[in-house]
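Participant: Below: one structure in structure tokens.
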Amino acid sequence: MRDVLDQELKNSLNATLNMIGTVERMYSLGAAALLDGERQHVEQLRSIDGEVDQMEAQIESDCLRVIALHQPVARDLRQLGLILKCLTDIERMGDYVVHVAEDSEGLQVPGSQRATLSRMMARLEEMSQSLRTALADRDVARAEATVRMDDEIDDLFEKLQQDLISSMMSEPDQVAAALQLMRIGRAIERIGDHMENVAERIPYWVTGEHHF
């Protein structure tokens, strides 16, 4: 029975890593739609987001089945609890990428905001790669580093907001576009927050102690 449980736990972790990796594929497509006006990616993003939703449902069902059949304890139970808690965060990350692409319809991103938004999207990819490594390796230090990576996204969003407020004051005719960009920036910032939520749960899974 232990071998069966170990395989189930491995499968559930791999499925979660695959779900995060699937969302990670969406970041470059979302950036291309936002920054380069590549609208063909919007429908592709919706399709990938549908895959993510299906993954969420399957992983949740599998984790609940494992709990019912094997009644795991200690770190085994903490792993399944981690995954179940993180599924909504991961699913929302995909939703927000779709929002970024959809909300950029007809938008021309000015140079100063373009650089900020480009860096924010790039940082999401870096953060996602770090998060997957932390989960795969049960690496507490990497998880804590991933949490800190969100600080840059928060700082960039603050800069974006300040730039957009200045733009609205100096160019009142650009208020609608500025508010559109602010919504997009907020969506990107929320993706980082959801990744931070996942990373913050890893130390408890590994050590049984709350670090955050």
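Participant: Would you rank 73, 147 by solvent-accessible area, highest first, keeping every protein chain in place and using a 1.4 Å probe? Walk me through the numbers on the way to the answer.
Facilitator: Values: 73 100, 147 15 Å².
The ordering from most to least exposed comes out as 73, 147.
Participant: What is the packing order of peptides 182-195, 150-163, taking the mean over residues of other C-beta atoms within 10 Å and listing the highest first?
Facilitator: Numbers: 182-195: 21.0, 150-163: 16.9.
Result, highest mean first: 182-195, 150-163.
Participant: So, one more: So with the 1.4 Å probe, I'd like the accessible area per residue for the chain, rounded to whole Å².
Facilitator: On the way: 10020 Å² over 212 residues.
For the chain, the solvent-accessible area averages 47 Å² per residue.
Participant: Another question about this same structure. Two decimals, Cα atoms only, Kirkwood Rh: what is Rg/Rh over segment 1-207? All intermediate terms of the calculation are to be shown ahead of the outcome.
Facilitator: On the way: Rg = 18.8 Å, Rh = 17.9 Å.
That ratio equals 1.05.
Participant: Can you send over the carbon and sulfur percentage of the accessible area for the chain, probe radius 1.4 Å, protein chains only?
Facilitator: Details: 4790 of 10020 Å².
So the carbon and sulfur contribution to the accessible surface is 48 percent.
Participant: Got a number for the accessible area of residue 109? Probe 1.4 Å, square angstrom, nearest 10.
Facilitator: 20 Å²
Participant: On to the next question. Would you calculate, for the chain, the mean residue ellipticity at 222 nm contributed by helices, counting each DSSP H stretch of 4 or more residues as -39,500 (n - 2.57) and dividing by all residues, to the nearest 500? All intermediate terms of the calculation are to be shown ahead of the outcome.
Facilitator: Values: 6 runs with 187 residues, N = 212.
Mean residue ellipticity, 222 nm, calculated: -32000 deg cm²/dmol.
The values are calculated or read from the model by the stated rules, or taken from the named source; none is laboratory data. Treat the numbers as computed from the prediction; the structure is a model and nothing was measured. Here Cβ is always computed from backbone atoms with ideal geometry, including for glycine, and neighbour counts include all displayed protein chains. Side chains are part of the model used for accessible areas, which takes the heavy atoms of the whole protein and leaves out ligands, DNA and RNA. Shrake-Rupley method; radii C 1.70, N 1.55, O 1.52, S 1.80 Å.
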